[in-house]
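Below is one structure, written out as structure tokens, with a few remarks after it.
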Amino acid sequence: MLLLAVDAVVLVPPLATTAVVGDTGFTQVGLGYPGAFTALAATALQSVALLASWLTVGGLCVAMFLLPTRRTRPQAVHDGPELTVARRAAIVWALAAAAMVPFSAADAGGKELSALGERSSVSFLLTSTDFPVAWMIATGTAGLAALLLRHAFLWRHLIGPLALALPAILAPVVVGDILVGPAHDHGGDAGAVQAVVEAVFFGAATVLALRAAGGTPPSVPAVRRFALVSLAALPLLATAALVLLQFRMAGLAPLSNPTGRWSLLAVGALAAATAAVAVLARRPGARPGVPLAVIALAGAVTAACHGAMGRIPPPQYFVPTELVEVFLGYTLPDAPDLGTLLTAWRPNLLFTLIAFAAITCYGAAWIRVARSGERWPVGRGVAWMLGWTTVIVATSSGVGKYAGADFALHMLMHMGLNMLAPMLMALGGAVTLVLKAARPAGRGEPVGIYEWTGELMRWRPGALAYHPVLVFALFVGSYYGLYLTELFGLAIRFHWAHQLMNVHFLVTGYLFYSLAVGVDRGPRQLPHIGRLGFVFASMPFHAFFGVILMSMSTVIAETFYNYLDQPWATDLAASQRAGGGIAWAGAEIPLLILIIALSLQWARSDEREALRKDRHYDTGLDDEFEAYNRMLQALSERPGAPGPQETRSP
């Protein structure tokens, strides 16, 4: 009954809105009307895909993190109704996404679905809008997740499907209305965060509510864990909703437009969910099914608001914008001199949020370790904090703000995210700190962060990601594959692609430095001589790349920079040469520092090993050298043998 109510709430309002609006939304943006069938089918399929994605992610999160399971090796998960929901929902998600490929092409292109039968129309519809490609990505990733879930029975088996759900959720979102209009950089980040957090929060609540409605209510520990997750999810959802409301309304009063009214209804649903979470937190063992059902229905209302808003062009579509705002989301009237770079900050919401979360979690773990009486090196904590501070400065200061319009500043940001910040993070030893702060589960206790971290480190794809050859190829080859092909010129045009580049820089840099100088013991470890060789091998490639940039006669992404046509960007070739110099120096200097740090680590490791052996021999428990001397003594006592040569233990 609950699932039917959720389905009805999710589907009916968007379909009614589509029927009532008719061709109005299409004519407002200069498109033809694809017909009632195409519009209604696209609306229904998109709503079904959204709900299925929430149930898939919710089922996985409940099975992996919320339901208490006993410690086993390897860690197993309870194959209960939540995994059944996730398996079935993933199949529905993949099928709905596959159906959305042709329907989104026709709907977004303003053509009848029958037009896809014409060869020329297919090419036009698939290239005139990004939605078909986005839904292809969602189809592939959701389908692979569904395939992996068929044979999943261990905790580590669920990591892959959960990771695949991320691009499947985000692909259709980032190419939607949040890609258009002034400040779409903030709108895009807020929309991406909202999509992921809603899937976790509303999806988990709906799965737990379905479990309770089926006669097996979740345990008190599961409810408490959900309430704890809600403490982080609700502020994120509220902030994202307010940012998106301001972005979409473009200065208009919310009640003056259907987009604003649907947004306010979604905010009201979030308020109802917050009240239900408060009840759960206060009384986790008193009939949790009722407040969980309230949250599930609030999520259904939120999904319905998303579906209805998708049929109405928001006000930001019609705000006059400069060409630079079309690509970046903001204008750059001042030249990027030193004063401007230091003072003209524009927060990168996504990386600021990630950095804040990383610093907060690290600090909480550090405090917990200190309270337990153990000592955590201050230098490691400082390195971690400085690494994430570097990320904030690189993405949110004037450097990050102007990186999209100036190649030299883009390369400066690239070096900060790929060379400096990851090196500091790797020296922070975050995984080791988490294992020290988290307590292993005792007999009969539910598993937690300690066991999850251990399983993640034993995950085979994770071990593959740490393979030195793969890490080296990604770290070095990314420069050549991105900048010396057409890929950079295409990616720099979209905010989501620019953010994806930044994530790639940060992750590949962290993997490289984790192998080279990292404190944590990852799935793969290199000896100290191997680490030095690893670093030395990369240095010529960086130097050669910088030389290539400085000597190129063509300008990378010249068409894009000409589109921006900034009055202060008069010499694109000079900016590229400066970027080449930054790439050379920005790579070589950190690597030289890294070599010094590696040499010191090697020396300290040898000293610690020598001291360990001395302490071991001093205990008298190791008679290796005494046995060797006795052997020499016995040999010397043989007739005709030379006198013994005593060997002393160090």
### Message
5 Å is the cut-off here: which amide hydrogens, built 1.01 Å from N in the peptide plane, fall below it relative to ASN348, excluding neighbours closer than 5 in sequence?
### Response
SER396
#### Entry: Spacing of the two label points (7 Å from each Cα toward its C-beta) at THR343 and ASP79, in nm
6.6
### Evaluated over the stretch 1-78, the Cα radius of gyration and Dmax, each in Å
19.5, 60
## Note on the structure
Any residue on another chain or 5+ positions along whose placed amide H is under 5 Å from the amide H of ALA76 is listed here as TRP155
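According to the square roots a ≥ b ≥ c of the eigenvalues of the Cα gyration tensor, what is the shape class of the stretch 251-372, taking rounded for a/c under 1.5, prolate for a/b larger than b/c otherwise, and oblate for the remainder?
Oblate is the answer for the stretch 251-372, as a/c is 1.5 or above yet b/c matches or exceeds a/b.
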### Per-residue ³J(HN,Hα) for the stretch 367-377, Karplus 6.51 cos²θ - 1.76 cosθ + 1.60, θ = phi - 60°, Hz, x for Gly and Pro
4, 5, 5, 5, 5, 7, x, 7, 9, 10, x
### Query
So how compact is the stretch 460-501: Cα radius of gyration and Dmax in angstrom?
12.8, 35
### Query
In whole Hz, what ³J(HN,Hα) sequence does the stretch 267-275 give by Karplus (6.51, -1.76, 1.60; θ = phi - 60°), x for Gly and Pro?
5, x, 4, 5, 5, 5, 5, 5, 4
### Query
For the chain, what is the per residue volume of the convex hull drawn over the alpha-carbon atoms, in cubic angstrom?
211
### Message
Based on DSSP loop calls and a cut-off of at most 16 other Cβ atoms within 10 Å, the longest stretch of the chain free of exposed GluC sites (Glu not before Pro) is what?
### Response
119-321
### Task
Enumerate the calculated ³J(HN,Hα) couplings along the stretch 213-221 in order (Karplus 6.51 cos²θ - 1.76 cosθ + 1.60, θ = phi - 60°), each rounded to whole Hz, writing x wherever the residue is Gly or Pro.
5, x, x, 10, x, x, 6, 4, x
### Query
Label point 7 Å out from ALA232 along Cα-to-Cβ: which residues of the stretch 57-94 have amide N under 14 Å?
61-62, 65-66
### Query
Can you give the charge dipole size of the stretch 1-137 about its Cα centre, rounded to the nearest 20 debye, using +1 on the beta carbon of Lys and Arg and -1 on the beta carbon of Asp and Glu?
660
### Task
Kindly state, to the nearest 0.05, the FRET efficiency for ALA5 paired with LEU323, given R0 = 35 Å and r defined as their beta-carbon distance.
0.15
### Distance between modelled label sites at LEU487 and SER123, nm, 7 Å Cα→Cβ extension
2.7
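Placing +1 at every Lys and Arg Cβ and -1 at every Asp and Glu Cβ, with all other atoms neutral, what dipole size does the chain have around its Cα centre, in debye to the nearest 20?
Working: 42 positive and 38 negative charges, 465 e Å.
The dipole of the chain has a size of about 2240 debye.
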### Query
In nm, to one decimal, how far is the ASP571 label point from the LEU166 one, both placed 7 Å along Cα→Cβ?
4.2
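Just so you know, all these numbers are worked out from the coordinates, no wet-lab data involved. A quick note: this is a predicted structure, and the numbers were derived from the prediction, not measured. Every residue, glycine as well, gets a Cβ built from its backbone with ideal geometry; the counts of neighbours run over all protein chains shown.
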